[in-house]
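Trainee: I'd like to ask some things about the structure below.
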Amino acid sequence: MRAVNLLPKDDNRRSQKPQNLPTVISTAVVVAVIGLVGLMYFSSKSTAAAADLELQDAKAELALLPTPAEIAAKTAPQRQLATERDARVSALSAALTHRIAWDRVLRQISLVLPEDVWLNTFLATSPVPAGSTAPAASAPGAPPSLVTIEGYTYSHDAVARLLTRLSVIPDLKNVWLQKSLRTELGGRPIVTFTILSDVRPGAKPS
């Protein structure tokens with residue numbers, strides 16, 4: 001015997017319940033939020049791990065850098081050499097400051113020497129270094145400090161002419177006549193003389 005559905009077709013449609021749309025949307029939103037939170041968590045964790053790796057690398061590089069004590073120990077020889085070099089440069093500068101260009105002084109004297117005057121002796125001493133006490137040769141009869149010139153000529157006028165010319169030499173100062181005597185040489189009258197002079201400070205080589 002065959003079964004027959006006696007219910008109307010409209011009643012069959014009403015028996016199917018419609019789906020709840022708000023519930024579906026809420027579920028989808030919750031799932032999306034959970035997924036977004038998870039993604040943010042994993043992203044933050046990855047960023048923190050990268051920052052930790054950078055920190056470890058920075059610590060490793062810092063550990064390789066020398067300490068101030070090690071730097072001072074390594075640079076101590078260079079500083080000592082620099083100090084010695086500066087001391088030598090200062091000593092050389094001080095020596096050059098007190099150096100006198102005697103070749104220039106002699107050249108200047110030879111240029112102003114009169115034709116009728118001859119020199120027998122030229123004595124010169126180096127200047128006393130700064131800070132030392134040197135005898136002052138500022139008056140006739142005082143001991144010479146740097147230069148002693150001895151020679152002869154035919155007259156006292158020639159000696160005076162030589163004194164005048166020596167006085168204009170830039171490197172000489174305090175030029176004066178210590179003695180001038182008339183005598184004879186080979187039956188001819190001559191005048192012997194001794195002239196003293198200082199050398200000006202700063203008479204450096206040209």
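A short reminder: the numbers here are calculations on the coordinates, not readings from a lab. Predicted model, so just to flag it, every value in this text is computed and none were measured. All Cβ positions, glycine included, derive from the backbone under ideal geometry; neighbour counts span all protein chains shown.
Trainee: Return the sequence-ordered ³J(HN,Hα) values of the stretch 171-178 in whole Hz as given by the Karplus equation 6.51 cos²θ - 1.76 cosθ + 1.60 applied to θ = phi - 60°, using x for Gly and Pro.
Mentor: Rounded to whole hertz, the list is 7, 10, 8, 6, 7, 8, 8, 7.
Trainee: Let me ask you something else. With the crude spin-label approximation of a point 7 Å out along Cα→Cβ, what separation in nm comes out for Ile34 versus Lys173?
Mentor: Result: 10.5 nm between the two label points.
Trainee: Using 1/(1 + (r/R0)^6) with R0 = 25 angstrom and r between the beta carbons of Ala87 and Glu61, what's the FRET efficiency to the nearest 0.05?
Mentor: Calculated transfer efficiency: 0.05.
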